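J.: Got a structure here, written out as structure tokens. Questions coming.
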Amino acid sequence: MCGIVGYVGKRNILEVLISGIKHLEYRGYDSSGIAVLKNNKIFRHRVVGKVFQMESSLPKEFFSNLKTTESVYVGIAHTRWATHGKPSEENAHPHVDCNENFVIVHNGIIENFLELKLKLKNHKFSSETDTEVIIHLIEENYNGSLLEAIKQTIKLLEGSYAFVLISRYQPQKLFFARKDSPLVIGVAEKENFIASDVTAMLKYTNKFLFLENYDYGEISFCEIKIFNLKSENVQHRNINVINWNSQMVEKSGFKHFMLKEIYEQPQVLRENISSRVFGEKIIFNEEIKFKDQMLKKIDKILLIGCGTSYHTAVVCKYFFEHILRVSIEVDIASEFRYRDLILKKNTLAIFISQSGETADTLASLRIVKENKIPTLGVCNVIGSSLYREADSCIYIKCGPEIGVASTKAFTGQLICLYLFGLYIAKIKQTISSNRYLEILNYLYKTPTYIEHILSDTSYIKQLAEKFYTKRDFLYLARGINYPIALEGSLKLKEISYIHAEGYPAGEMKHGPIALIDKDMPVVIIATKGSLLQKVFSNLEEVKSRDAKVIALTNYGIESKSIDYKIVLPETDELVSPIINVVPLQLLAYYIADILGCEIDQPRNLAKSVTVE
Ligand code: F6R
């Protein structure tokens, strides 16, 4: 889960590469490095730490002779999230071969690297990484054609890789290959880019070629050649124009990307609603390629994801069960992929992933596809693996999500899946017209309700100031809001490092109640709904153990047992998760901010989990 960038062209190469990997730091930030070719020599610099540390320590020789706009430069850069070998200068990328003729940056895991290393006994290795084996294999296989050497090398690799390399032998070209790790070419006039993700290149272009598995090739400033291991021909890949812009990958005055993204949620919801709801009709156009006849027959839906995207799946379990009356199964992708699955016809499998690159989610998708079950992806990145591989894919139109903690993608996924649920419910006739319109009407109001919450966050800030010293939090809820308790606790633990658990409130007396004492803040979701009385009983149980109770409620809900009340706009119970998650995102954010945590890049985490 690293970020890689390559550039060939006449711009200031250091600026392009450094700006590129800064935008990829969400993918990893243990160490970083850069390599450029100048005067037929490789200049390489690597540090443990973030890109700004690498940038500020660049040796003088990197800057000399770089000012000319006449020459074409090539270079590569990397930001690392360690898998093989601890974060250290030796393990940081780029890596070179024995004679420093080739230099590589890589994202992925070479599973058979030890075996391959044994076969390269005459090569001098200087790191503990799996990556180094690739560059030594290329050195070994080089016989005058770098493309051939890459081809021979990737035939030997097991696992996942996206790599870019430059070489003294062909100093005006970038070379690349990909399998199971993302790699995108940014196309421009007399210059070209390559990176793990479009965000690294948006400043310069909005035209992209998404590479496919087993693609390899070369890029000069004026030409792109793509080959594929499975066929000898030069490959054609469509150019995708993405309507994201560079402003979207800036903080725009917000202290953190996470806060900016929390505030973008009303806009995300509006965009998704207005592009799919026309009067009373929900239209998905080309996104959904399934025929109505097929959707009508669906009697089981699988919902699969990881982390926050899994929480979306759990919310949708409750929503779909209610409006579709079919059996719903949810699972975490890393569990699903190893189950002894029973997959039957008339099942629809939905895979939810912001990045569209989460390894476990993709592996689960592939298993289901092998079993000929129709698959639907829900993702935020056009051209991602999920986007390309699922039979149909709903694009959640959130704009780039940079903060590692997912916020707007969560509400974006929910709104899309809610609309999709209503869309099938209409086809299957499992919902009355009134109920359909009632839910649709509440969905329309969600952006305004969230704006209302965001217009005054002072009370949530006060709560953060009161509770930021606590070491443990419990989040409780029931029914369709139970996954919101999970999501609230995940947000808190990942960005503030405070231990937090989300629990179904009714399950608390089967264990976690033992944890409760006067020092334990308990966040409980007690907004209007069919289970409110049950939630109140749980609230009493908590209060009688002296917990400090913070309740998410609506106007008019009173209880002496609530110590702190966050009053939210009242909505339909089924729609309430989309609203209720927002104050919990804010509470986590403000607590982490007071604690001075690195909110956008929490320790040990990476935005895109492309390894198992
Ligand atoms: C939590 C978070 C992660 C992701 C998870 C799945 O805030 O961001 O738990 O939700 O890694 O990522 P995607 O949705 O890209 O598959």
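Bear in mind that the values in this text are calculations on the coordinates, not laboratory data. Being a predicted model, the structure only gives us computed values, none of them experimental. Note that we place each Cβ from the backbone using ideal geometry, even for glycine, and neighbour counts take in every protein chain shown.
J.: Just to verify a number: FRET efficiency for His452 and Glu286, C-beta to C-beta distance, R0 = 30 Å, to 0.05? Write out the running numbers ahead of the final one.
T.: Working: r = 35 Å, r/R0 = 1.16.
After rounding to 0.05, the efficiency reads 0.30.
J.: For a footprinting-style exposure proxy, rank Asp30, Asp519, Asp572 by other Cβ within 10 Å, fewest first.
T.: Ascending Cβ contact count within 10 Å gives the list Asp519, Asp572, Asp30.
J.: I've got another one for you. Taking +1 at the Cβ of each Lys and Arg and -1 at the Cβ of each Asp and Glu, which of Leu362, Ser64, Thr610 sits farthest along the dipole of the chain towards its positive end, judged by Cα position relative to the Cα centre?
T.: Leu362
J.: The stretch 104-172: which trypsin sites (Lys or Arg not before Pro) are DSSP loop and have at most 12 other beta-carbon atoms within 10 angstrom?
T.: Qualifying residues, ordered by number: Lys121, Lys124, Lys155.
J.: What size of dipole, in debye to the nearest 20, comes out for the stretch 257-450 about its Cα centre when the only charges are +1 on Lys and Arg C-beta atoms and -1 on Asp and Glu C-beta atoms? It would help to have the intermediate numbers written out before the result.
T.: Values: 25 positive and 20 negative charges, 129 e Å.
Once rounded to the nearest 20, the dipole reads 620 debye.
J.: In deg cm²/dmol, rounded to 500, what helix-only [θ] at 222 nm does the chain give when every DSSP H run of at least 4 residues adds -39500 (n - 2.57) and the total is split over its residues?
T.: Value at 222 nm, helices only: -10000 deg cm²/dmol.
J.: With angles folded into 0 to 90 degrees, how steeply does helix 532-543 sit against the dominant principal axis of the chain? Use alpha carbons for both and round to 10.
T.: Helix 532-543 sits at roughly 80 degrees to that axis.
J.: Order these by the 10 Å Cβ neighbour count, fewest first: Asp391, Asp97, Asp197.
T.: Values: Asp391 17, Asp97 22, Asp197 28.
Neighbour counts put them in this order, fewest first: Asp391, Asp97, Asp197.
J.: Where in the stretch 523-590 are there chymotrypsin sites (Phe, Trp or Tyr not before Pro) that are in a DSSP coil and have at most 13 other Cβ atoms within 10 angstrom of their Cβ?
T.: Tyr555
J.: For the stretch 369-452, state which trypsin sites (Lys or Arg not before Pro) are in a DSSP loop and have at most 10 other beta carbons lying within 10 Å of their beta carbon. Please list the in-between numbers first.
T.: On the way: sites: Lys369, Lys372, Arg388, Lys397, Lys408, Lys426, Lys428, Arg435, Lys445; in loops: Lys372, Lys397.
For trypsin sites (Lys or Arg not before Pro) across the stretch 369-452 that sit outside H, G, I, E and B with at most 10 neighbouring Cβ atoms in 10 Å, the list reads Lys372.
J.: A further question follows. Rank the residues Thr129, Thr457, Thr469 as a footprinting-exposure proxy: fewest other Cβ atoms within 10 Å of their Cβ go first.
T.: On the way: Thr129 24, Thr457 19, Thr469 11.
So the ranking, lowest neighbour count to highest, is Thr469, Thr457, Thr129.
J.: What does the charge dipole of the stretch 3-249 about its Cα centre add up to, to the nearest 20 debye, if the Cβ of each Lys and Arg holds +1 and the Cβ of each Asp and Glu holds -1? Mind showing how you got there, number by number?
T.: Working: 29 positive and 28 negative charges, 94 e Å.
That gives a dipole near 460 debye.
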